[in-house]
Each structure stands twice: as structure tokens, then as C-alpha cells.
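Engineer: Below are the C-alpha cells for one structure; questions will follow.
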Amino acid sequence: MYEGPFGPTSPEAQADPDEERAGPPWEHAREAGGYVLAYFRTAGEVLFRPQTTFRAMSLSPRLNLPLLYWFLPTLISTIVSTVLFTAIGRMFRAVLSSVSGIPMASEVAATATTPGLLCMAAGLMPMFFVMAAYYHLLLRLFGGARRGFVGTFRALAYVNGSLATISWAPCIGPVIALVWGAYLEIIGLREVHDTTTARAAAAVVLGILGPLTLFVAMLVYALVTGGLPGLADHAPIPMV
């Protein structure tokens with residue numbers, strides 16, 4: 001039977017018992033040939049076979065492996081994207097300077113530093129727990145959280161850890177990751193929690209729009225009440 005892009009909108013059978021859920025290759029790294037191979041095998045299954053993968057997702061209360069699956073690729077992807085963005089910025093400024101003949105300003109603050117990367121790494125894990133709790137609360141509000149916080153955490157960890165394979169690409173990578181990630185999160189939450197597509201989609205869409213709306217509101221408020229921090233104290237550039 002054709003299931004459509006999101007599969008069946010309602011569960012047709014009881015979920016498999018937890019002990020029969022084998023989980024992705026990442027949780028059986030030795031059998032999969034090591035953690036590197038297990039990561040790419042798991043990422044391929046999550047990205048291209050999400051329904052099958054999340055339907056068999058282990059619901060073990062141990063969160064160390066899914067957390068590690070998300071954290072390491074995300075950290076590497078962030079570092080790579082930062083380096084690429086800095087390099088592209090330097091090249092763009094060099095070309096613009098050579099064409100216009102005007103020396104471009106230096107970008108001391110644009111280059112990633114070791115202390116900055118360490119601070120970023122330290123803040124990633126707490127932020128992910130907050131995000132997982134936020135999504136789980138939304139799923140509960142819509143009546144779709146049938147498997148507890150563990151199910152939500154595992155689904156989000158494996159989706160976002162897999163998206164690290166493409167999110168590092170400058171400009172287009174984050175856009176693809178956002179759109180594709182929303183689709184995968186809907187599939188993951190639906191299959192793990194054995195709920196409906198509508199409930200999972202409502203939680204994911206609101207989960208994305210909530211922080212985005214808050215950010216836009218803060219930006220508008222800053223512009224209306226005195227400009228962005230750090231810009232109000234600078235004197236205007238004299239016009240010739």
C-alpha cells in the first residue's frame with residue numbers, strides 16, 4: 001500500500017516490544033566495523049530510510065550513545081563550516097579590494113579561536129537537552145508523546161547527528177538541513193512514539209517557528225528601541 005511522503009497518518013498495529021528493537025548500527029559499532037563505519041551507515045539509514053530506521057529504534061534509557069552520535073559530528077561540522085566561512089570571507093574581501101582599489105577592513109573577530117570553540121562545545125550539550133525537552137513538551141501538548149522523553153531524545157539525536165554530514169556546506173547546507181531535518185524529525189517522532197503524522201508535524205513545526213518568531217521579535221525590538229547592541233555608540237560615517 002502506498003504510504004505517501006509521511007507514511008500512514010495513524011498507527012495500524014501495535015509497536016514492537018522494546019526488547020525487539022535492535023537500534024541503528026551506531027549502537028552495535030563492533031558488529032558494524034567500528035564507530036566511523038557505524039556512523040556513516042547509521043546516517044545513511046536515517047537520511048534515506050527514516051521510516052524503517054525509527055520504527056526499529058531502540059528505546060533503551062541509556063542516552064550516552066545517541067548523545068555522542070549527535071555531539072561529535074555536530075562539533076566537527078560547526079568547526080568545518082566556521083573555517084570555510086572565514087576562508088570564503090577572506091577571499092571575497094580580497095577580490096572586492098582588488099577590483100575597487102579600496103582596502104577592506106580586517107576581520108579579527110571572524111576567525112574561530114580555541115577558547116571560543118571550547119566555549120561552544122561546552123554549551124552544545126545543555127542546549128540539546130533543552131531543545132529535546134522543548135520538543136517533547138510540544139509533543140505532549142498535542143497528545144503524541146507515547147514513549148516518554150527517551151524516545152524524543154533519541155529521535156532528535158539521530159536526526160540531527162545525521163544532518164551533520166551536509167550542514168557544514170556554506171550557505172546551502174544549513175538550508176537543506178533545516179528543510180530535510182524537519183521532514184526527518186516528523187518521521188522520527190511519529191515512528192518512535194507510535195503516534196500520528198499530524199501530531200508529530202504540529203510539534204516539529206511549532207518547535208521550529210517558536211524560536212524563530214522569538215528571534216525576529218527580539219531583532220525588531222532592538223531596531224525599534226535603539227538599534228542593535230554595539231552599533232548605537234559608533235559615530236555615523238561622514239559622507240563625501
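The values are calculated or read from the model by the stated rules, or taken from the named source; none is laboratory data. The model shown is predicted, which means the values in this text are computed figures rather than measured ones. Virtual Cβ from ideal backbone geometry, glycine too; neighbours counted across all protein chains shown.
Engineer: Only one of these is of a type in the set (S, T, N, Q), in a helix (DSSP H, G or I) and touching a helix residue (DSSP H, G or I) at 6+ places or on another chain (Cβ under 6 Å): 52, 82, 74, 78. Name it. Show your work before the answer.
Structural biologist: On the way: 52 fails: touching a helix residue (DSSP H, G or I) at 6+ places or on another chain (Cβ under 6 Å); 82 fails: touching a helix residue (DSSP H, G or I) at 6+ places or on another chain (Cβ under 6 Å); 78 fails: touching a helix residue (DSSP H, G or I) at 6+ places or on another chain (Cβ under 6 Å).
The conditions single out 74.
Engineer: A follow-up question, please. When you go through (1) free of Cβ contacts under 8 Å to residues at least 60 places away in the same chain; (2) over 25 Å from residue 25 (Cα atoms); (3) assigned to a helix (DSSP H, G or I) one by one for residue 129, which number turns out not to apply?
Structural biologist: Here residue 129 meets the rest and fails (2).
Engineer: Still on this structure: Output the residue which, of all residues in the range 1-53 that are modelled with pLDDT of 90 or more and of a type in the set (Phe, Trp, Tyr), is surrounded by the most Cβ atoms within 10 Å (Cβ to Cβ).
Structural biologist: This residue is 26.
Engineer: Cβ contacts < 8 Å: first residue in contact (Cβ under 8 Å) with a residue 12 or more places away in the chain, restricted to the range 65-83; second residue among the small types (Gly, Ala, Ser) and surrounded by fewer than 20 Cβ atoms within 10 Å (Cβ to Cβ), any location; separation 6+ or different chain. Result?
Structural biologist: Pairs that qualify, where the first residue is in contact (Cβ under 8 Å) with a residue 12 or more places away in the chain and the partner is among the small types (Gly, Ala, Ser) and surrounded by fewer than 20 Cβ atoms within 10 Å (Cβ to Cβ), are 75/121; 79/112; 81/169; 81/173; 82/112; 83/112.
Engineer: Starting from the range 45-60, take each residue that is basic (Lys, Arg) and list its partners that are surrounded by 15 or more Cβ atoms within 10 Å (Cβ to Cβ), counting only C-beta distances under 7 angstrom and pairs at least six apart or across chains.
Structural biologist: From residues that are basic (Lys, Arg), the pairs are 55/191.
Engineer: On to the next question. Among the residues of the range 132-174, write down those that are under 13 Å from residue 193 (Cα atoms), in contact (Cβ under 8 Å) with a residue 60 or more places away in the chain and in a loop (DSSP other than H, G, I, E, B).
Structural biologist: Once the filter is applied, which keeps residues that are under 13 Å from residue 193 (Cα atoms), in contact (Cβ under 8 Å) with a residue 60 or more places away in the chain and in a loop (DSSP other than H, G, I, E, B), the range 132-174 yields 142, 147.
Engineer: A further question on this structure: Would the range 147-165 turn up any residue that is surrounded by 10 or more Cβ atoms within 10 Å (Cβ to Cβ), modelled with pLDDT under 90 and within 23 Å of residue 63 (Cα to Cα)? I'd like the intermediate steps shown before the answer.
Structural biologist: Initial filter on the range 147-165 (surrounded by 10 or more Cβ atoms within 10 Å (Cβ to Cβ)): 147-165.
So of that shortlist, the ones also modelled with pLDDT under 90 come out as 147.
Now drop any that are not within 23 Å of residue 63 (Cα to Cα), which leaves 147.
Yes: one or more hits.
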